[in-house]
1. Among the candidates Ala150, Ala106, Ala119, single out the residue that is of a type in the set (Gly, Ala, Ser), in contact (Cβ under 8 Å) with a residue 40 or more places away in the chain and part of a helix (DSSP H, G or I).
2. Might you let me know whether the stretch 243-258 holds any residue that is over 19 Å from the mean Cα position of the chain (by Cα), more than 29 Å from Val60 (Cβ to Cβ) and assigned by TED's automatic domain parsing to the domain that holds Asn158?
3. Whether any residue in the stretch 226-248 is in contact with an Asp or Glu (Cβ under 7 Å, 6 or more places away or on another chain) and within 17 Å of Leu278 (Cα to Cα) is what I want to check.
4. Look through Leu46, Leu50 and report the one residue that is under 23 Å from the mean Cα position of the chain (by Cα) and either under 20 Å from Arg146 (Cβ atoms) or crowded, with 18+ Cβ neighbours inside 10 Å (or both).
5. Return the total of residues in the stretch 125-141 being part of a loop (DSSP other than H, G, I, E, B) and in contact with a helix residue (DSSP H, G or I) (Cβ under 7 Å, 6 or more places away or on another chain).
6. Take the residues in the stretch 44-80 that are of a type in the set (Lys, Arg) and not in a loop (DSSP other than H, G, I, E, B), then tell me which one is modelled with the lowest pLDDT.
7. When the stretch 19-37 is examined, which residues are found to be surrounded by 13 or more Cβ atoms within 10 Å (Cβ to Cβ) and either touching a residue at least 60 places away in the same chain (Cβ under 8 Å) or out of contact with any helix residue (DSSP H, G or I) (no Cβ under 9 Å at 6 or more places or on another chain) (or both)?
8. Whether any residue in the stretch 161-181 is of a type in the set (Asp, Glu), in a loop (DSSP other than H, G, I, E, B) and surrounded by 13 or more Cβ atoms within 10 Å (Cβ to Cβ) is what I want to check.
Amino acid sequence: MRIGIDLGGTKIEAVALSDEGAVLARQRVATPRGDYDATLGALADLVGALERETGKRGTVGIAMPGVVSPATGRVKNANSTWLNGRSFQEDAEKILGRPLRLQNDANCFALSEAVDGAAAGAEVVFGAILGTGVGGGIVVRGRPLRGRNAIAGEWGHNPLPWPRADERPGPECYCGRSGCIETYLSGPGLAADHGRVTGSPARADQLAAAALAGDAAAEASLARYEERLARSLASVINLLDPDLIVLGGGLSQMARLYTNVPRLWSPFVFSDRVDSRLLPPKHGDSSGVRGAAWLWER
């Protein structure tokens with residue numbers, strides 16, 4: 001049995017999978033925000049509950065915000081800020097009494113979809129997270145690519161490719177730079193762009209509904225979003241040349257992306273044709289926790 005844990009900012013979800021990927025048990029609790037020791041305790045409680053329910057002891061993998069720095073062994077880049085600077089893997093292994101495997105949550109999303117999801121069997125997979133932020137994960141031949149600095153796939157903090165005059169220097173990003181992909185392609189980025197153009201703020205989900213209802217301004221905002229997404233993914237294709245790109249996060253639920261974006265990315269891809277495919281996730285919100293379970297080899 002393998003246990004996967006998705007350590008989110010508002011909830012912690014845990015699942016026990018069989019070696020064939022069947023769900024044996026599932027648990028979810030609220031994240032003890034701001035409390036490091038309570039977070040470790042919640043992990044131990046979840047693992048204990050799953051093992052009591054199944055009557056089995058499992059391997060444990062964790063999908064986490066941020067990464068463990070190869071240089072220090074401590075967490076960096078986590079938006080769950082109470083984890084940053086902590087020896088999280090060492091502390092979690094002590095409280096759980098076993099070795100753990102940890103990966104960034106975007107890597108776990110990509111791994112889940114590559115193992116038995118939308119990209120099952122593909123050699124090279126890029127998982128693009130379009131939600132509150134913009135993240136990414138890379139899986140090659142069934143293994144997540146971590147990278148020397150543990151930042152492989154972090155495309156959201158590259159500049160928007162081929163920027164137009166009205167896109168320079170771009171919105172300020174929390175990372176300290178301007179014009180990052182995340183400032184345009186995240187949910188808040190889409191909403192902010194609509195507000196800048198129209199003077200009327202609206203959430204991303206509201207814009208999708210309004211566009212379906214025939215709202216011209218909402219449709220124009222989504223069209224700008226799709227063209228920017230096409231440029232951004234074209235730069236990923238030029239660098240990585242993946243077989244498949246799978247979208248995750250709240251914005252991945254917009255069905256129009258999977259038709260419109262591939263129509264727009266060809267002029268920016270350095271090839272006579274583009275055979276990479278863009279797909280929605282098979283496992284949706286469960287991809288992170290399933291990918292964490294798959295961190296241990298089958």
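The values are calculated or read from the model by the stated rules, or taken from the named source; none is laboratory data. This is a predicted model, so every value here is computed, not measured. Positions of Cβ are generated from backbone atoms using ideal geometry, with glycine treated the same way; all protein chains shown enter the neighbour counts.
1. Just a single option satisfies the conditions, and that option is Ala106.
2. Within the stretch 243-258, one or more residues are over 19 Å from the mean Cα position of the chain (by Cα), more than 29 Å from Val60 (Cβ to Cβ) and assigned by TED's automatic domain parsing to the domain that holds Asn158.
3. yes
4. The conditions single out Leu46.
5. Looking only at that region, the number is 3.
6. Within the stretch 44-80, the match that is modelled with the lowest pLDDT is Lys76.
7. Gly21
8. The answer is no, given that none of the residues of the stretch 161-181 is of a type in the set (Asp, Glu), in a loop (DSSP other than H, G, I, E, B) and surrounded by 13 or more Cβ atoms within 10 Å (Cβ to Cβ).
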